[in-house]
Structure formats: C-alpha cells, structure tokens
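In what follows, a single structure is set out as structure tokens and then discussed.
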Amino acid sequence: MDRSQTYEGGCHCGAIRFRVRVKKYEAVECNCSMCQKKGILHLIVPPEDFQLLQGSESLTTYTFNTGTAKHTFCRVCGIHPFYRPRSHPDSFDVNVRCLDGDAISLFRIVPFDGKNWEQNIHQLTQSQNSNS
C-alpha cells in the first residue's frame, strides 16, 4: 500500500513555499549544535519529491565546517524550512515543523546522535537507503 502523500509548507512570513511528497512518516531529531539550535525535524527526500513553489530570491545560504551542507533559510523571517544535508547532499532535507497544518502529528520522531556525527552517520544513511 502506497501511503505517499503530498504536503505544502514554508517559512513563517510566507516568502518561501514548497511542496514535498512524503513516502515514509519518520522524522529524525538530531542533537548536533546546528539542529539543536534550529529545532529542525529532518525529512530527507530525493529531488524528485521536492518542489520549490516560490521564494528562491528570498533564500540565503549558510555553510560551515566541511561546506557540504547548504543550510538555506528565509532572509526575511530567518526560518529554515529545508536545506541540502551533508549526509545526503543530492537530496533535500525538509523541516517537518514547516509543513502546513498538523502534518507533524503523523510522523514518528527518531533521535539521532549528531553530536557524534562521524561515529553515527552510518545509521542515518542506512535508514534512508532502506526507504528507497
């Protein structure tokens, strides 16, 4: 049974809007220094399941450390609705908290020890690869 469904979401001010197709209702809560401060709940999706509807001109990007992750956020309100993650640089990482309505209630939240990223990243990549 295909439980996939399409949702829309965006930033706080509405400048950024996107659409995402969800196939697996599981979000990752990471405790690394960046994710803990942003409060992001990660939903990693392939590019074909993500569409930016509006706001490319309102996006800005922050990079640090290896420079692989592209932390995009709204230059107007500062919200981080999605980005390109270091773990899956060819995919999109959607912040489940930025989905419209009460979509977050459908997700199982799975903890990830990102403080010890190098020792644990295999868990995240294995989990995501099993979704394919």
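Tally up the residues in segment 84-100 that are more than 11 Å from the chain's Cα centre (by Cα) and either at pLDDT below 95 or closer than 13 Å to T66 by Cα (or both), please. First the steps, then the outcome.
Filtering segment 84-100 for residues more than 11 Å from the chain's Cα centre (by Cα) gives 86-87, 89-90, 100.
Cutting the leftovers down to either at pLDDT below 95 or closer than 13 Å to T66 by Cα (or both) gives us 86-87, 89-90.
Within segment 84-100, residues that are more than 11 Å from the chain's Cα centre (by Cα) and either at pLDDT below 95 or closer than 13 Å to T66 by Cα (or both) number 4.
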Only one of Y25, Y62 is modelled with pLDDT under 95 and either under 27 Å from K115 (Cβ atoms) or within 11 Å of the chain's Cα centre (by Cα) (or both), namely Y62
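State all residues of segment 51-71 that are of a type in the set (S, T, N, Q) and either out of contact with any Pro (no Cβ under 8 Å at 6 or more places or on another chain) or farther than 17 Å from M34 by Cβ (or both); if no residue qualifies, say none.
From segment 51-71, those of a type in the set (S, T, N, Q) are 51, 54, 56, 58, 60-61, 63, 65-66, 68; that's our starting set.
Those that are of a type in the set (S, T, N, Q) and either out of contact with any Pro (no Cβ under 8 Å at 6 or more places or on another chain) or farther than 17 Å from M34 by Cβ (or both): Q51, Q54, S56, S58, T60, T61, T63, N65, T66.
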Of the listed residues (K115, K70), the one being free of Cβ contacts under 8 Å to residues at least 24 places away in the same chain and of a type in the set (D, E, K, R) is K70
Check your understanding: Does A69 count as at pLDDT below 90, aliphatic (A, V, I, L, M) and crowded, with 17+ Cβ neighbours inside 10 Å?
Key -> yes
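The values are calculated or read from the model by the stated rules, or taken from the named source; none is laboratory data. Just so you know, these numbers come straight off a predicted model, no measurement behind them. Heads up, the Cβs are rebuilt from the backbone with ideal geometry, glycines too, and the neighbour counts pull from every protein chain shown.
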